[in-house]
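Worksheet: one structure, shown below.
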């Protein structure tokens with residue numbers, strides 16, 4: 001049974017292990033900074049399917065199957081499947097759930113969906129409602145682009161503040177039991193809206209929510225000195241600077257600890273992605289391909305993953321609404337076996 | 001801390017009360033069967049706003065404010081807000097979350113979103129992660145129609161199997177404590193897909209999922225004789241018949257106990273809604289306006305709410321996919337005070 005620390009940090013009582021994970025990335029992502037670290041890179045963004053949307057679903061399913069295989073599990077052993085994506089009606093995730101056959105909770109937190117799924121999955125396991133949960137999210141550049149902005153083939157010129165939706169999917173198996181990687185705390189996000197309505201500058205819109213969640217965790221736990229990494233989901237270069245500056249101004253010395261997944265996917269100099277990567281797949285692939293393995297380089301390592309989401313729709317933007325941001329925090333701890 | 005019964009029924013250990021609720025309905029719904037039982041009926045489907053989408057969000061916010069007022073609570077006292085709607089990127093719910101300021105989990109289960117929210121909200125409270133959660137869902141006929149089918153003003157002729165998306169919103173305050181109405185068990189839904197691809201016949205597509213969830217609960221608990229009502233979300237006339245016949249064929253005598261919210265909203269003879277009502281708002285308004293008050297006519301009453309969702313998107317339908325159905329079950333018990 002969980003307890004609460006301070007204002008809104010949740011402390012899990014039972015051990016919740018991240019038992020295995022897998023990442024599948026697109027071709028452009030495969031040519032990026034983490035190219036060799038993904039479990040699988042698809043050769044072509046259609047992944048042998050008739051449409052980008054089907055390709056996205058297939059990536060999810062493949063990531064999930066790989067993660068299950070690494071954990072020596074079958075889909076029918078899962079008590080829950082939680083996840084979401086950027087497609088309308090989160091169809092990639094729902095069709096994956098159909099293939100999987102496990103009890104399913106569809107979520108929508110835009111690009112914060114991975115962290116949101118991890119929080120709710122951990123709460124279900126800690127609350128005694130099951131033993132095994134899979135969480136999975138994805139995004140696909142071409143499918144997202146035509147749905148959320150312009151027809152992909154138009155190749156509209158992008159502003160410098162725009163981010164590039166990551167083609168990729170990450171799946172994680174949560175296990176109520178001990179393991180090297182454990183989810184120990186969480187901070188459910190609140191919406192923060194600073195009145196930004198430019199949908200080509202989502203980093204700025206989400207940064208304030210990230211600041212709110214990170215500073216809430218820091219104040220609730222006083223845990224900055226024990227923390228090795230703070231990793232936001234997809235603020236990109238512009239949002240990252242805002243978030244870093246605001247936390248520093250609040251007196252938190254995060255120098256050398258704070259990173260953003262959106263800045264880890266592409267080569268800045270030659271991949272032309274402007275402010276960085278974004279999308280539900282961004283933190284999903286970077287956490288698994290980069291940060292979880294990196295944590296194992298230390299004997300004991302603590303990482304605060306802060307999934308960031310911009311909860312707009314193309315329609316509300318056209319109707320003149322501003323962009324609500326949200327950030328869900330998950331504390332992951334690594335301990336070498338025997339410690 | 002929760003426990004599990006049988007295959008996949010969850011039993012909550014702590015008392016989870018439905019402390020208050022409120023319903024807001026559209027004009028056509030106000031002229032329907034439950035017209036006098038809604039807390040508020042809007043005069044015009046734009047509800048004084050510039051767009052149907054904003055009107056939907058305003059209905060949600062109004063329902064939530066009414067429910068909070070009935071419970072003598074303020075929004076900032078809530079530990080969680082969970083919900084979803086049919087608009088792309090569930091924007092009605094996200095803007096309500098912005099106005100509310102509580103920690104927010106956005107969900108998407110199509111028309112099963114109310115039951116999905118109630119399950120996850122109950123798990124959070126039972127798991128010790130908080131004391132108060134609000135759940136709220138909505139749909140708006142005109143906004144849903146133009147997004148999911150054809151431009152609303154076209155007035156396309158509808159097939160007889162089509163259902164009418166309910167304009168309405170229902171909000172419920174869950175309280176970890178004793179109360180007359182309690183959520184005591186839940187059955188998380190699995191996806192069932194029988195290969196139906198006609199998006200004008202969602203009742204048939206969802207019926208199989210409802211049968212799966214109801215028969216799972218019946219088998220897990222053996223509780224049919226203690227059950228007063230089984231209420232599905234929005235199968236409509238056609239789905240209702242399928243569900244009733246299949247449960248009967250499985251040997252369950254549900255005669256006189258089984259009802260569908262989609263058949264309770266409109267007058268069949270003169271409101272021209274064909275197979276009945278549907279949408280995230282359908283079970284949300286019927287549960288609050290009809291069934292929860294009706295339960296109080298008995299000393300002790302048990303109702304299984306089965307929220308039903310069709311997890312398609314207009315795009316996947318165009319791409320030739322079939323419709324995955326899901327049904328989330330929630331057991332609600334009423335006991336007269338002092339019993």
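The values are calculated or read from the model by the stated rules, or taken from the named source; none is laboratory data. Since we're looking at a predicted model, the values are computed, not measured. Counting neighbours? That spans all protein chains shown, and the Cβs are built from the backbone with ideal geometry, glycine included.
Return the total of residues in segment B:166-183 being more than 14 Å from every other protein chain (Cβ to nearest Cβ) and part of a strand (DSSP E or B).
Step one: of segment B:166-183, the residues more than 14 Å from every other protein chain (Cβ to nearest Cβ) are B:166-175, B:177-182.
Keeping just the survivors that are part of a strand (DSSP E or B) gives B:168-175, B:181-182.
The number of residues fulfilling the criteria is 10.
For residue A:87, the conditions (1) more than 8 Å from chain B (Cβ to nearest Cβ); (2) crowded, with 22+ Cβ neighbours inside 10 Å all hold with the exception of (1). The numbered conditions (1) within 13 Å of another protein chain (Cβ to nearest Cβ); (2) in a loop (DSSP other than H, G, I, E, B) are all true for residue B:157 except (1). Taken as a whole, segment B:47-57 holds no residue that is surrounded by fewer than 18 Cβ atoms within 10 Å (Cβ to Cβ) and in a helix (DSSP H, G or I). Per the listing A:298, A:237, A:257, the residue uniquely surrounded by fewer than 20 Cβ atoms within 10 Å (Cβ to Cβ) and within 19 Å of residue A:205 (Cβ to Cβ) is A:237. In segment B:135-149, the count of residues that are part of a loop (DSSP other than H, G, I, E, B), touching a helix residue (DSSP H, G or I) at 6+ places or on another chain (Cβ under 9 Å), modelled with pLDDT under 95 and more than 20 Å from residue B:292 (Cβ to Cβ) is one or more. Only residues that are without any contact (Cβ under 8 Å) to a residue 24 or more places away in the chain and more than 14 Å from every other protein chain (Cβ to nearest Cβ) were counted across segment A:295-315, and they come to 1. Close contacts from segment B:43-61, counting a first residue that is away from every other protein chain (no Cβ under 14 Å) and a second that is assigned to a loop (DSSP other than H, G, I, E, B), with Cβ to Cβ under 7 Å and a gap of 6+ residues or different chains, come to B:45/B:26; B:45/B:167; B:59/B:42; B:59/B:47.
Here are some residues: B:251, B:189. Which one is assigned to a loop (DSSP other than H, G, I, E, B), farther than 20 Å from residue B:287 by Cβ and outside the structural domain of residue B:86 (by TED's automatic domain parsing)? If you could, list the steps in order and put the result at the bottom.
Working: B:189 fails: farther than 20 Å from residue B:287 by Cβ.
None of the others qualify; the one that does is B:251.
Reported count of residues in segment A:98-115, each being surrounded by 24 or more Cβ atoms within 10 Å (Cβ to Cβ) and either on the phi > 0 side of the Ramachandran plot or not assigned by TED's automatic domain parsing to the domain that holds residue A:64 (or both), is 1.
Here residue A:74 meets the list (1) more than 25 Å from residue A:331 (Cα to Cα); (2) within 12 Å of chain B (Cβ to nearest Cβ); (3) touching a helix residue (DSSP H, G or I) at 6+ places or on another chain (Cβ under 8 Å) almost entirely, failing just condition (2).
For residues that are out of contact with any strand residue (DSSP E or B) (no Cβ under 8 Å at 6 or more places or on another chain) and assigned to a helix (DSSP H, G or I), scanning just segment A:212-236, find the one that is farthest from residue A:148 (Cα to Cα). Going through the qualifying residues, I end up with A:225.
The listed residues are A:196, A:242, and the only one of them that is farther than 30 Å from residue A:125 by Cα, touching a helix residue (DSSP H, G or I) at 6+ places or on another chain (Cβ under 9 Å) and assigned to a loop (DSSP other than H, G, I, E, B) turns out to be A:196.
Please go through segment A:316-328 and give me each residue that is within 23 Å of residue A:137 (Cα to Cα) and either part of a loop (DSSP other than H, G, I, E, B) or within 9 Å of another protein chain (Cβ to nearest Cβ) (or both), ordered by number. Show your work before the answer.
Residues of segment A:316-328 within 23 Å of residue A:137 (Cα to Cα): A:323-328.
Within segment A:316-328, A:323, A:324, A:326, A:328 meet the criteria.
Condition check for residue A:140 on (1) in contact (Cβ under 8 Å) with a residue 60 or more places away in the chain; (2) within 14 Å of chain B (Cβ to nearest Cβ); (3) surrounded by fewer than 24 Cβ atoms within 10 Å (Cβ to Cβ); (4) over 21 Å from residue B:310 (Cα atoms): one failure, at (3).
Could we say that residue A:204 is in the same structural domain as residue A:185 (by TED's automatic domain parsing), buried (at least 19 other Cβ atoms within 10 Å of the Cβ) and either at pLDDT 95 or above or assigned to a helix (DSSP H, G or I) (or both) here? Judged against the criteria, residue A:204 is a match. Within segment B:270-280, can one find any residue that is surrounded by 20 or more Cβ atoms within 10 Å (Cβ to Cβ), closer than 23 Å to residue B:20 by Cα and touching a helix residue (DSSP H, G or I) at 6+ places or on another chain (Cβ under 8 Å)? Looking through segment B:270-280, at least one residue is surrounded by 20 or more Cβ atoms within 10 Å (Cβ to Cβ), closer than 23 Å to residue B:20 by Cα and touching a helix residue (DSSP H, G or I) at 6+ places or on another chain (Cβ under 8 Å).
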